[in-house]
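Here's the structure, in structure tokens; my notes come after.
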Amino acid sequence: MLGVLGGSGGVGASTVAATLAWVAGALLIDLDGISGGIDVLLGVEDAPGARWSGLRLGGGRLDPAVLAEALPRWADIGVLAADVAPEPAAAQQAVEVARGHGPVVVDLPRWPGPLRDAALPLCALTVLVAGARVPSVIAARAVARSVASAAPDTPIAALIRSHRASAAPARVAEVIGVPMLGAVDPPPARADGPLTPAGLPRALVRVCQDVWAGLSALTGAGSDDG
């Protein structure tokens, strides 16, 4: 399971989360209840399926395949959108069930709270998407420190959205205080219409593929000896 959170507004964290989910065929779970719902970004807000407002989790056991099949689809991946802010206990239960189905990407709230704090320890890696301009770097440093305080054992690394005229990405990550995962161009101005796989920047797709490959190597996934 990968967590994704924005170091500041406008850095395209939800696009990164969607790209990570798409390249791995992962379930995409939106926990950012004040962003308007990731299904709107993806253009599947009218697609049939469960959102947080219609999901009832209270006791019993939910089969992972049933959860996956009940979700709206975007580019053939299941999306659980936060049309309302989920309760922390329900979010933790849903995430744990989803992990039984396969890879999971969670779009996390930026600021600390019970919801984010419940999800962070479940992440094999949290990707902090950060801009390279001074205000974005300062904000991302505050977010990184809040993650370290809430979940000190959760690995976190920065994906830097770097302008050519801005500071070097490695220096940005150093100031933020976390390792650099990679660097890509800042998100372009959004055109009208939903995000589609064809519209994903190739450099971002490559970085996301490398993230999953690196995690697989670290965990021994796909190796003969496990």
Inset, instruction - Run down Pro194, Pro188, Pro121 and say which single residue is outside any strand (DSSP E or B), at pLDDT below 95 and either within 21 Å of Gly3 (Cβ to Cβ) or open to solvent by less than 30 Å² (accessible area, probe 1.4 Å) (or both). - result: Pro121
Inset, instruction - Collect the residues in the stretch 48-80 that are open to solvent by 40 Å² or more (accessible area, probe 1.4 Å) and assigned to a strand (DSSP E or B), keeping them in residue-number order. - result: Arg73
Inset, instruction - Pull up the stretch 142-161, narrow it to residues that are more than 19 Å from Val16 (Cα to Cα) and part of a helix (DSSP H, G or I), then point me to the one that is most open to solvent (accessible area, probe 1.4 Å). - result: Arg145
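Going by the structure shown, is Ser8 on the phi < 0 side of the Ramachandran plot, open to solvent by less than 30 Å² (accessible area, probe 1.4 Å), of a type in the set (S, T, N, Q) and part of a loop (DSSP other than H, G, I, E, B)?
When the stated conditions are applied, Ser8 passes them.
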Inset, instruction - Restrict the check to the stretch 81-101 and report whether at least one residue is farther than 28 Å from Ala151 by Cα, at pLDDT 90 or above, assigned to a helix (DSSP H, G or I) and open to solvent by 60 Å² or more (accessible area, probe 1.4 Å). - result: no
Legend entry - First in the stretch 202-215 and touching a residue at least 24 places away in the same chain (Cβ under 8 Å) and part of a helix (DSSP H, G or I), second anywhere and surrounded by fewer than 14 Cβ atoms within 10 Å (Cβ to Cβ) and not charged (D, E, K, R), Cβ under 9 Å, 6 or more apart: Leu215/Ala221
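The values are calculated or read from the model by the stated rules, or taken from the named source; none is laboratory data. All values derive from a computational prediction rather than experimental measurement. A quick note on method: Cβ atoms are made from the backbone with ideal geometry, for glycine too, and the neighbour counts reach across all protein chains shown. For the accessible areas, the whole protein counts, side chains as well, though only heavy atoms, and no ligand, DNA or RNA atoms are used. Shrake-Rupley method; radii C 1.70, N 1.55, O 1.52, S 1.80 Å.
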